[in-house]
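This report concerns only the one structure given below.
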Amino acid sequence: MGIWTSYRLRLQRRRWLVRAIRKRRELRSIADRTKAIKKDDLLLFSTLRNEHVRLPFFLKYYREQGINHFLIVDNDSNDGSLEYLAEQPDVSVWHSRKSYKRSRFGVDWLNWLQLRYAHGHWCLTVDPDEFLIYPFCDTRPLRALTDWLDASSIKSFSAMLLDMYPKGRIDEQPYQSGQNPLEIASWFDSGNYTMDRNKLFGNLWIQGGPRSRVFFPDEPKKGPALNKIPLVKWNRRYAYVSSTHMLLPRGLNQVYDEWGGEKASGILLHTKFLDTFTEKAAEELHRKQHYAASVEYIAYAQALKDDPELWCKWSEKYINWRQLEILGLMSKGNWA
């Protein structure tokens, strides 16, 4: 990377941080418990709207993994999400009625909260329908992973987004609040993925899976990106650029081994496709607050008219993280 490119990226990072500071005015504190955050606490950041039905299991899952404090932006929910979060003793929650799209899809809001509260902490940034699994997650808490990353001088940890779905129609099995969504959405595509390297930011760009296969069969390059860097040892100089797909400084995106080896990585089990999805997709299509004029939700709405099944004869049922390692979707690297 040349000197000019490096300088340009440094200016861009500063611009995102200044923008985040300005966007803080769009957030209203509802329950601020950040004074309870201890020096070595593991933090989780999220932006959401109308996810009340998912929140009980989401919070339970990450509490059991070892998250100590949740910092959440509620984007004007009307289903009780805000009130529920405000009652949780380990949650700090902010509310905003401002445009999700104009906040760069929530990135500006979370960049501000991370700038203000996350310095020196390991931070996990996920949506309420994303569940991180990592090597040995069935026997080792998240703290064991972050301790190993610290000892290895690794500051960022990648996780491919793996779309999970049910066998049969999406709306066939009703989801109940507090239920593990993987009891319903337990299938995934074991292949059908493409990978490219982003030359400017240095990150890998992954696409494919059921969303490309079903919703973008003729234009797979329009499918959503599946590469994520959700776990970062945060520094106030850092900034997410596009969701959790990439960060600045650029070195944080090099979560793969350029010399042919394997770095440890995880998976975000993405449980979007429950019976709640049809209503959610219709709402988001109406709001038009998503990327590229909501092209993703337009595709969802068109395909959902025919009640599509995401399951196919090549689908695999999820068992555990070792299965995903064997399939080459994640790696334990040299963490033994």
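Laboratory data are not the source of any read-out in this text; all were calculated from the coordinates shown. None of the values given here were measured: they were computed from a predicted structure. Neighbour counts are summed over all protein chains in view; Cβ atoms, including those assigned to glycine, are modelled from backbone coordinates with ideal geometry.
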Quiz item: How about the stretch 1-68: which trypsin sites (Lys or Arg not before Pro) there lie in a loop by DSSP and see at most 13 other Cβ atoms within 10 Å?
Solution: K38, K39
Practice problem: Counting helices only, and only those DSSP H runs with n ≥ 4, report the 222 nm mean residue ellipticity of the chain as the sum of -39,500 (n - 2.57) divided by its residues, in deg cm²/dmol to the nearest 500. | Solution: -8000 deg cm²/dmol
Exercise. Sort out for me the Cα centre separation of the stretch 118-139 from the stretch 49-91, rounded to whole Å.
Key: 15
Practice problem: Do me a favour and compute the ellipsoid semi-axes for the stretch 134-234 from its Cα gyration tensor, root of five times each eigenvalue, largest one first, whole Å. | Solution: 28, 23, 10
Exercise. Treat every Asp and Glu Cβ in the stretch 96-227 as -1 and every Lys and Arg Cβ as +1, leave all other atoms uncharged, and give the resulting dipole magnitude about the Cα centre to the nearest 20 debye.
Key: 660
Quiz item: Which shape class applies to the stretch 1-155: rounded if a/c is under 1.5, otherwise prolate when a/b exceeds b/c and oblate if not, where a ≥ b ≥ c are the square roots of the Cα gyration tensor eigenvalues?
Solution: oblate
Practice problem: Identify, among P166, N68, W314, the residue whose Cα sits farthest towards the positive end of the charge dipole of the chain, taking +1 on the Cβ of Lys and Arg and -1 on the Cβ of Asp and Glu, with the dipole about the Cα centre. | Solution: N68
Quiz item: Given L226, I206, H245, which one lies farthest toward the positive end of the charge dipole of the stretch 174-263, if we put +1 on the Cβ of every Lys and Arg and -1 on the Cβ of every Asp and Glu?
Solution: H245
Quiz item: Once the dipole of the stretch 68-190 is set up with Lys and Arg at +1 and Asp and Glu at -1 on Cβ about the Cα centre, which of P181, I154, F136 lies farthest towards its positive end?
Solution: I154
Exercise. Report the relative contact order of the chain, percent, no decimals, based on alpha-carbon pairs under 8 angstrom and at least 6 residues apart.
Key: 22
Quiz item: Between exposed GluC sites (Glu not before Pro) in the chain, where DSSP calls loop and at most 15 other Cβ atoms lie within 10 Å, what's the longest gap?
Solution: 1-86
Quiz item: What percent does the relative contact order of the stretch 140-194 come to when contacts are Cα pairs within less than 8 Å and at least six residues apart?
Solution: 35
Practice problem: Report the chymotrypsin sites (Phe, Trp or Tyr not before Pro) located in the stretch 175-275 that are in a DSSP loop and have at most 15 other Cβ atoms inside 10 Å of their Cβ, or state none. | Solution: W259
Quiz item: What trypsin sites (Lys or Arg not before Pro) in the stretch 143-216 are in a loop by DSSP, with at most 11 other Cβ atoms within 10 Å of the Cβ?
Solution: K199
Quiz prompt | Taking N as its residue count, the alpha carbon Rg of the chain over 2.2 N^0.38 Å | solution = 0.95
Quiz prompt | J(HN,Hα) series, the stretch 4-14, from Karplus relation 6.51 cos²θ - 1.76 cosθ + 1.60, nearest Hz, glycine and proline x | solution = 5, 5, 4, 5, 5, 5, 5, 5, 5, 4, 4
Exercise. Evaluate the charge dipole of the chain about its Cα centre and quote only its size in Debye, nearest 20, assuming +1 on the Cβ of each Lys and Arg and -1 on the Cβ of each Asp and Glu.
Key: 2060
